[in-house]
Amino acid sequence: MTVNPFKPTAGAVPPLLVGRDALLAEVDEGIQSGPGHPARITIFTGARGTGKTVMLTESGDRAMSHGWLVIDESASPGMLARIGEAVDRLLEGVSPRARRRVTGVSIGALGSIDTELTPQLAEGVRHRIGRLLDTLEADGTGLLITVDEVHARSDDLRELALITQHLVRENREFAIVMAGLPSAVSDLLRSDAQGRVLTFLRRADKHVLADVSVDEVHDALVQTVTDNGRTIAPDAARAAAEATHGYPFLIQLVGFHVWRAATGDAITLADVTAGVEAARERLGTLVTETALADLSPRDLEMLRAMARDDGPSRMVDLGARTGMSRQNADTYRRRLLDAGVIEQVGRGQVDFALPYLREHLRGR
């Protein structure tokens, strides 16, 4: 049995990363260009399923290809303590060439540590990172830290930003790449409680991960299929590409289920039809319901009002359908934009940002 090459798992790196080459090239350039390059502080944001975690993984791989060490983390409680432990493990006699990547999960029993943040801890981590960089810089390399699921409520993240600010001022061979949902990143950058640290983060290279062109999806699907020993009919390839709407996670989900639906080496339009239907069902469970679960009843009311339209919705119509004042309707519009659920498509007009969300809401 031929192994399915598509990877519809959150964070899994697909066989072909579609439409992200330019962004990754910027990170790569930042690593090679030395201290002061703007890409050495990068934030990726986008709706669920747009490939934020994959971008962190790929950024780390690019850094490691240049001999850098990588620490992968998420902005959960105890993050700074886990980073300190990771740095210690890299310092304690382990050859940097032998151990290139450390994650919060791989730090044994300390992976779920929940340590109260103190100024002494932050200062200690900064000092330990500095000692590690002394060794790495002597070898012509550096350290990259990736942080997933950033949010404004993380004291650890604030302290890590302060450490980063000091390292940048000292021209160290250090970089940080972060990722988070639009609402979380917006809250982080808008928060007034973080003072100069916040101002520093606002200067980060920020990239919104948008959908990929259908033509790029088409070419990637065909290449993945043929590279793995099958063929796909032209009409089937076009139908599969269009069914993804250029949504990165759906590219993998459609590809996975189309591959499963095919019984022979030649993928047909019938295989694509069956695979797309299965992919849409799984999308509802894996992405759509998760996104809706984070919303308030009034957010959902706005979305249900949008679902009555076959295309973009006018804000004036949504206000009338929900009984919201213009000001309230605009508040919920901003909330849904920050959550990455809808997008602005024209003056006074919005549309769904997640594929098949309209159909999902109509079917509930």
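The values are calculated or read from the model by the stated rules, or taken from the named source; none is laboratory data. As the structure is a computational prediction, the values presented were derived from the model and not from experiment. Don't worry about glycine lacking a Cβ; one is built from the backbone with ideal geometry, like all the others, and counts go over all protein chains shown. Note: areas computed on protein heavy atoms with side chains; ligands, DNA, RNA excluded. Shrake-Rupley method; radii C 1.70, N 1.55, O 1.52, S 1.80 Å.
Phi angles of the range 181-186 translate, via the Karplus equation with coefficients 6.51, -1.76, 1.60 and θ = phi - 60°, into HN-Hα couplings of 5, x, 5, 5, 5, 4 Hz per residue; Gly and Pro are given as x.
Here's how it looks for residue 43: its modeled amide H is under 5 Å from those of 178, 205, 206, 207, which are all 5 or more places away or on a different chain. When the residues 20, 89, 314 are ordered by accessible surface, computed with a 1.4 Å probe over the protein chains alone, the sequence from largest down reads 314, 89, 20.
Once all protein chains are placed together, residue 156 keeps about 10 Å² accessible to a 1.4 angstrom probe. Computed over the alpha-carbon pairs of the range 298-364, the distance histogram in 10 Å steps reads 23, 63, 14 percent, short to long. From the coordinates of this entry, mean projected area of the Cα convex hull in nm² is computed, and it appears in [x] 28.4; [y] 16.0; [z] 20.3 under the label [z]. The portion of the accessible surface of the range 1-63 made up by carbon and sulfur, rounded to a whole percent, is 54 (1.4 Å probe; DNA, RNA and ligands excluded). Here the accessible area of the range 209-267 is 50 percent carbon and sulfur, with a 1.4 angstrom probe and all protein chains present. In order along the range 19-32, phi translates into HN-Hα couplings of x, 10, 4, 5, 5, 5, 5, 5, 4, 4, 4, x, 4, 7 Hz, rounded to whole numbers, per the Karplus curve 6.51 cos²θ - 1.76 cosθ + 1.60 with θ = phi - 60° and x for Gly and Pro.
For the range 280-333, with all protein chains in place and a probe radius of 1.4 Å, 44% of the accessible heavy-atom surface sits on carbon or sulfur.
Mind checking the dipole of the chain: about its Cα centre, +1 per Lys or Arg Cβ, -1 per Asp or Glu Cβ, Debye to the nearest 20?
Dipole magnitude for the chain comes out near 720 debye.
Selection among 348, 136, 81 by position relative to the dipole of the chain gives 348 as farthest towards the positive end (Cβ unit charges, Cα centre). Eigenvalues of the alpha-carbon gyration tensor of the range 159-243, scaled by 5 and square-rooted, set the equivalent ellipsoid semi-axes at 43, 17, 8 angstrom, largest first. So for the range 209-364, considering every pair of alpha-carbon atoms, how many percent are separated by more than 29 Å? Cα-Cα pairs in the range 209-364 separated by more than 29 Å: 28 percent. Quick one: among 316, 147, 13, which has the greatest mean-square fluctuation in a GNM of the chain with alpha-carbon springs under 10 angstrom? Answer for the Gaussian network model of the chain: 316. These residues, 59, 325, 65, go from largest to smallest accessible area, 1.4 Å probe, as 65, 325, 59. Accessible area per residue for the chain is 46 Å², calculated with a 1.4 Å probe on protein heavy atoms, without ligands, DNA or RNA.
In the context of the full protein assembly, residue 151 retains an accessible surface of approximately 40 Å², using a probe radius of 1.4 Å and ignoring ligands and nucleic acids.
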